[in-house]
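See structure below.
Values in this text are rule-based calculations from the coordinates and carry no lab data. These numbers come from a predicted model, not from an experiment. Here the Cβ positions follow ideal geometry from the backbone for every residue, glycine too, while neighbour counts run over all protein chains shown.
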Amino acid sequence: MAHDVHTPTRSGTEYEYLRRQRSKEMRGQLTSFAMMIFLTLIAFTTVAAGFSNYLIVPIILLLAAVQVVLQLYHFMHMSNKGHGTVAFFMFSGIFVAFITVLTFVTIIWW
């Protein structure tokens, strides 16, 4: 037959282990998604409340940074094994970019 594909069978314990791991990962992703929705609601609430722009902008930028980290960590699977080096270089680049922007903003404003 052309469609006969050999699939390795898994033992019951291996199947249960994979099932628990996937369930744990899905729970983490749903928790992260709920946190991001909550952070978005906080951002909308601060704007709708009519606070000063000097308060709103830093809060929204902080919440956006937290959401980026959550998305990278959970939805881009940076929490899995084997992504340590990639995560190190990515977060190092983000840190250098942040310091560079902060330096230029500080030089221009003061």
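Which of GLN29, GLN67, GLN21 ends up with the largest GNM mean-square fluctuation for the chain, with Cα atoms connected below 10 Å?
Fluctuation is largest for GLN21.
Order these by the 10 Å Cβ neighbour count, fewest first: TYR54, TYR73.
Fewest to most other Cβ atoms nearby, the residues stand as TYR54, TYR73.
Would you mind ranking GLU14, GLU25 by Cβ crowding within 10 Å, fewest neighbours first?
Lowest count first: GLU14, GLU25.
Around TYR73, under 14 Å between beta carbons, what's the net of Lys plus Arg minus Asp minus Glu among the other residues?
Value of the local net charge: 0.
Which is the longest part of the chain that has none of the trypsin sites (Lys or Arg not before Pro) sitting in a DSSP loop with at most 13 other Cβ atoms within 10 Å?
It runs 11-80.
Using the membrane-span-like helix rule (whole DSSP H runs, Cα extent along the own axis of at least 24 Å, mean Kyte-Doolittle hydropathy at least 1.0), which helices of the chain qualify?
53-70, 84-109
When the C-alpha atoms of the chain are aligned to their principal axes, what extent does each axis show, in angstrom, from largest down?
For the chain, the Cα spread along each principal axis is 73, 33, 30 Å.
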